[in-house]
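**Q** Dropping a structure here in C-alpha cells format, bear with me for questions.
The values are calculated or read from the model by the stated rules, or taken from the named source; none is laboratory data. On a predicted model such as this, the values are computed, not experimentally measured, just so you know. Don't worry about glycine lacking a Cβ; one is built from the backbone with ideal geometry, like all the others, and counts go over all protein chains shown. For accessibility, only protein heavy atoms count, side chains too; no ligands or nucleic acids. Shrake-Rupley method; radii C 1.70, N 1.55, O 1.52, S 1.80 Å.
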Amino acid sequence: MEYKAIRVIISGGGTGGHIFPAVSIANKLRQLNPATEILFVGAEGKMEMEKVPAEGYRIVGLPIVGMQRQLNLRNLLNNLTVPFRVLDSVRRARRIVKEFRPDVVIGVGGYASAPLLWAATSMKIPALIQEQNGFAGLTNKILGSRVQSICVAYDGMERFFPKDKIVKSGNPIREAVSHPASEEMIAEGMSLYGLDPARKHLFVVGGSLGSRTLNSAVEHWIQDGCPGGEDVEIIWQCGKYYKKGVDAFMAEHPDITHVRPYDFIARMDLAYAVADVVISRSGASSVSELCAMGKATVFVPSPNVAEDHQTHNALALVRKEAAIMVRDSEAVEELMSTAIGLLRNDKRRSDLEKHAESMALRSAAQVICDEVYKLV
C-alpha cells in the first residue's frame, strides 16, 4: 500500500483511555509518512487539551459537554445547556472541517468526537471510528451508521455496529508495553523500585488518578497483618489525590516496609515487568497493555463508568481464562487474598499469562492506519 501524505482530523477524548490510543494512531500515521498533517479536535477544558500538545500535535477545542447523570442543581443547570452547546459545537466543527480540508476523519470515542464526525460525515468526508471497549460507548453507537469503517478490540461487536463495517484491530498501545518484558527490563525495574529478586512482586494500579477501592483493599490487608505476604513486595500506585492519606496510614504501620506507595508511576513498563501479578482497573488501554505484556491480572472493574464497560472488558478475558475478576463491591474483603493466592499458584499464574498473551493484538495502530488509507 502506498502511504502518501494525507490530511487527518482525529477527534475525541475526555479520558486517557481515549487520548492515548488517538495519539498512538497519530504517531503511526506520521511514521508511515512524516508529511501527513494531523489536527486533533477535543472538548474545551478536558485533559486532551493539555495531553495532546505535550505529544507535539495541534488541537482545537469545542464547547461540547456531556450529560451528567447524578442529579443536583449544578448538574441540572449543566444539562440544560447541553443542546445549545451541541449545536454550537457542530457549527464550529463544520468550520474546522472546511478550513482544514481533511481527507479522512477519525473518532476515538467520548462526546467530543460527536460534533466533528457528525459535521464531517454530513459533508461527505470519509470517516472511521475506533471503539476501545467491549461494550460500545453511546457516541460511537450513534455514529456507527454514518461512518465507513469501525475498528474494534473485542469479538461480538456486531451487537452494536453493522457487521460489514467492523474490523477487529485491537487497541493501539505504547511501544514500551507492547511485548513481554526482557530480562534487562526486569533487572532495570528491580533496581528502580529497590526490589529483592528473590521475592514475589505484586503491582497494584488504580489508573492515573488512583482508586479508593483498591487503596482500601490494600490498607485492609495491612491492618489484618498482611496474611500470606511474608515474602511479597508490593508496588502500589495509590494516586496523587490519595497519597497524603496513604502516607499517614503507612506512618501508623512503620514495620511494613515491603509495601511501597507511589502517587504516580511514570515507568509503567518497568512496573509491569517486575510484577508476578497485577491488580488493575479494566479500562481498555490497561487491558490491552496487560495482554501484550502477558501478565497474570486480577481486574476490579470500576463501577463509575458509562454502560459498565469495564466489566465487559474484564469478562472478555475471564471467559477465556486469561484473567481473574473481583467485583468492586467485594474487593476490600477479597481482593488481596485472591491476588496473594494467585502469587502462590504457579500453574494458574502461568496459564493466565499464556492465555492473556494469546489475546494480544500488537499491530492495532497499523491495522487502523491501513483502514484509514483504504478510505482515502
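**Q** Could you check the range 198-227 and list, in sequence order, the residues that are in a loop (DSSP other than H, G, I, E, B), modelled with pLDDT of 95 or more and under 20 Å from THR297 (Cα atoms)?
**A** ARG199, CYS226, PRO227
**Q** Residue by residue through the range 11-44, note down the ones that are among the β-branched types (Val, Ile, Thr) and touching a strand residue (DSSP E or B) at 6+ places or on another chain (Cβ under 7 Å). Walk me through how you get there before you give the answer.
**A** Going through the range 11-44, the residues among the β-branched types (Val, Ile, Thr) turn out to be 15, 19, 23, 25, 36, 38, 41.
Hits for the range 11-44 are ILE25, THR36, ILE38, VAL41.
**Q** Follow-up. What residue, of VAL274, VAL300, is in contact with a strand residue (DSSP E or B) (Cβ under 6 Å, 6 or more places away or on another chain) and open to solvent by less than 20 Å² (accessible area, probe 1.4 Å)? If you could, list the steps in order and put the result at the bottom.
**A** Values: VAL300 fails: in contact with a strand residue (DSSP E or B) (Cβ under 6 Å, 6 or more places away or on another chain).
The conditions single out VAL274.
**Q** Next question, about the same structure. Condition test on VAL90, is it over 26 Å from ALA364 (Cβ atoms), in contact with a Pro (Cβ under 6 Å, 6 or more places away or on another chain), modelled with pLDDT under 90 and of a type in the set (A, V, I, L, M)?
**A** Numbers: over 26 Å from ALA364 (Cβ atoms): yes; in contact with a Pro (Cβ under 6 Å, 6 or more places away or on another chain): yes; modelled with pLDDT under 90: yes; of a type in the set (A, V, I, L, M): yes.
So VAL90 passes the test.
**Q** Give the residues of the range 22-42 that are open to solvent by less than 40 Å² (accessible area, probe 1.4 Å) and part of a strand (DSSP E or B), sorted by residue number.
**A** ILE38, LEU39, PHE40, VAL41, GLY42, listed by residue number.
**Q** Then there's this: Filter the range 229-241 down to residues that are at pLDDT 95 or above and not acidic (Asp, Glu), then give me how many there are.
**A** Residues meeting the conditions: 6.
**Q** Could I ask something else about it? Being touching a residue at least 12 places away in the same chain (Cβ under 8 Å), over 16 Å from ALA271 (Cβ atoms) and of a type in the set (A, V, I, L, M, F, W, C) is the filter; apply it to the range 213-249 and report the residue that is surrounded by the most Cβ atoms within 10 Å (Cβ to Cβ).
**A** So, considering only residues that are touching a residue at least 12 places away in the same chain (Cβ under 8 Å), over 16 Å from ALA271 (Cβ atoms) and of a type in the set (A, V, I, L, M, F, W, C), the one surrounded by the most Cβ atoms within 10 Å (Cβ to Cβ) is ALA217.
**Q** Hand me the list of helices (runs of 4 or more DSSP H) wholly inside the range 106-197 holding 3 or more residues that are surrounded by fewer than 18 Cβ atoms within 10 Å (Cβ to Cβ). Write out each step before concluding.
**A** Values: elements: 113-122, 138-143, 183-193.
Here the list reads 138-143, 183-193.
**Q** Restricting attention to the range 328-361, which residues are surrounded by 15 or more Cβ atoms within 10 Å (Cβ to Cβ) and outside any helix (DSSP H, G or I)?
**A** If the condition is that a residue be surrounded by 15 or more Cβ atoms within 10 Å (Cβ to Cβ) and outside any helix (DSSP H, G or I), then MET359, ALA360, LEU361 are the ones that fit.
**Q** Mind telling me which of the residues GLY189, GLY134, GLY207 ends up being touching a His at 6+ places or on another chain (Cβ under 7 Å) and either of a type in the set (Ser, Thr, Tyr) or in contact (Cβ under 8 Å) with a residue 40 or more places away in the chain (or both)?
**A** On the way: GLY189 fails: touching a His at 6+ places or on another chain (Cβ under 7 Å); GLY207 fails: touching a His at 6+ places or on another chain (Cβ under 7 Å).
Among GLY189, GLY134, GLY207, only GLY134 is touching a His at 6+ places or on another chain (Cβ under 7 Å) and either of a type in the set (Ser, Thr, Tyr) or in contact (Cβ under 8 Å) with a residue 40 or more places away in the chain (or both).
**Q** State which residue is nearest to LYS141 (Cα to Cα) when the search covers only the range 255-310 and only residues that are small (Gly, Ala, Ser) and part of a loop (DSSP other than H, G, I, E, B).
**A** Keep residues of the range 255-310 that are small (Gly, Ala, Ser), which gives 266, 271, 273, 275, 280, 282-286, 288, 292, 294, 296, 302, 306.
Then keep just the ones that are part of a loop (DSSP other than H, G, I, E, B); that gives 266, 275, 282-283, 294, 296, 302.
Numbers: ALA266: 34, ALA275: 37, SER282: 21, GLY283: 18, GLY294: 31, ALA296: 32, SER302: 21 Å.
So the residue we want is GLY283.
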